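One structure is given below, encoded as structure tokens.
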């Protein structure tokens, strides 16, 4: 009789431990999903903000071209290039946002990893395009300043602006990479937990 009671107690204890372990796994899984979801939502919000800013820049460029266009050819070229970029970027931005919105952390993890990796590649391509577009804008702006024969304080302001922009872009790139790595790590952890 004692042996049967001991067996039943052992089975009950084993079942309770399994339930506790499963509950802990579910809590950990939900915490990881929550963390990854917050980061993905932050990416979506930042993409939407950049899209809105780009759309707000378009009327400013058109206004500038309407009122000041034709005086300096380099300034006009800068503005037209900026306008072309501002017109093309919303399509690219919407494409990136749609990819991010396809991520559903409660479903297939492999699909989520695919969409995050795709977004990562898109962002890096966008960033690498600055290696070509940036110098063109810098050269044209310097030529514009030279044509206007601006004073030394304005040259100093322009130089400081370029240096600040380089630091901001570098910090943004590092910030982005850190967040992407965090999301990918979370998705790998979710995959491991589901496989167990």
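Relative protection proxy for 135-142, 169-176, 11-18, from highest mean packing down: 135-142, 169-176, 11-18 (other beta-carbon atoms within 10 angstrom). Taking Cα atoms only, the orientation of helix 2-68 departs from the longest principal axis of the chain by about 10 degrees. Taking 1 over the mean of 1/r across every pair of different Cα atoms in region 1-65, what Kirkwood radius in Å do you get? By the Kirkwood definition, the hydrodynamic radius is 16.9 Å. Rounded to the nearest 10 degrees, the inclination of helix 109-148 to the longest alpha-carbon principal axis of the chain is 20 degrees. Pairwise inverse Cα distances across the chain, averaged and inverted, put the Kirkwood hydrodynamic radius at 21.1 Å. Look at the alpha carbon pairs under 8 Å that are at least 6 residues apart: their mean separation over the length of the chain gives a relative contact order of 32 percent. Extension gain for residue 122-residue 64 works out to 17.8 nm (0.36 nm per residue, less the C-alpha to C-alpha distance). The long axis of helix 73-101 is offset from the longest Cα principal axis of the chain by roughly 10 degrees.
Per-residue ellipticity at 222 nm computed for the chain from its helices equals -34000 deg cm²/dmol, with DSSP H segments shorter than 4 residues left out and the rest contributing -39,500 (n - 2.57).
In whole Å, what is the distance between the alpha-carbon centres of region 54-129 and region 166-196? About 22 Å separates the Cα centre of region 54-129 from the one of region 166-196.
Taken together, the values in this text are just the output of simple stated rules run on the coordinates, not laboratory data. Please read these numbers as outputs of a predicted model, since none were measured by experiment. Positions of Cβ are backbone-derived with ideal geometry, glycine not excepted, and every protein chain shown enters the neighbour counts.
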